[in-house]
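The values are calculated or read from the model by the stated rules, or taken from the named source; none is laboratory data. On a predicted model such as this, the values are computed, not experimentally measured, just so you know. FYI the Cβ positions are ideal-geometry reconstructions off the backbone, even for glycines, and counts take in every protein chain you see. All accessible areas refer to the heavy atoms of the entire protein, side chains included, with ligands and DNA or RNA removed. Shrake-Rupley method; radii C 1.70, N 1.55, O 1.52, S 1.80 Å.
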Amino acid sequence: MTIHAETIHVSGIRCERCVARLAGVLQDHPGLEAANATLMGQVSLRWDDERTSREALLDAMARGGFREVAAV
């Protein structure tokens with residue numbers, strides 16, 4: 001098991017309901033160990049690289065309307 005942890009900035013989080021919606025999008029995602037989002041759009045993720053990938057998590061969030069914001 002290889003655990004990765006990363007905090008990414010996403011667009012689409014404007015209120016507590018958005019945070020709850022993001023949680024729903026990621027709930028039961030295979031290999032996701034932990035996820036925590038703030039109202040500032042910071043999403044901390046911890047996942048098992050043998051069961052999922054960063055790209056799969058980003059795809060799941062994108063399907064829910066949350067997109068990664070590129071660093072400036």
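Tabulated data for the structure shown
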{"quantity": "Relative contact order (%) - criterion: Cα under 8 Å, at least six apart; region: the chain", "calculated": "43"}
{"quantity": "Label selected from (i) 4.4; (ii) 6.2; (iii) 5.1, the criterion being mean projected area of the Cα convex hull in nm² as computed here", "calculated": "(i)"}
{"quantity": "Cα-based helix-to-principal-axis angle, 16-26 vs the chain, degrees rounded to 10", "calculated": "20"}
{"quantity": "Region 36-45 - phi-based ³J(HN,Hα) in whole Hz, Karplus 6.51/-1.76/1.60, Gly and Pro as x", "calculated": "9, 10, 10, 5, 7, x, 8, 10, 8, 10"}
{"quantity": "Probe 1.4 Å, protein heavy atoms only - accessible area per residue of region 1-57 in square angstrom", "calculated": "62"}
{"quantity": "Nearest-ten-degree value, helix 54-63 long axis tilted from longest Cα axis of the chain", "calculated": "40"}
{"quantity": "Choice from Asp28, Asp49, Asp59 showing the highest fluctuation, given a GNM over the chain with Cα pairs closer than 10 Å", "calculated": "Asp28"}
{"quantity": "Dipole-positive endmost among Gln42, Pro30, Cys18 within the chain (Cβ charges, Cα centre)", "calculated": "Cys18"}
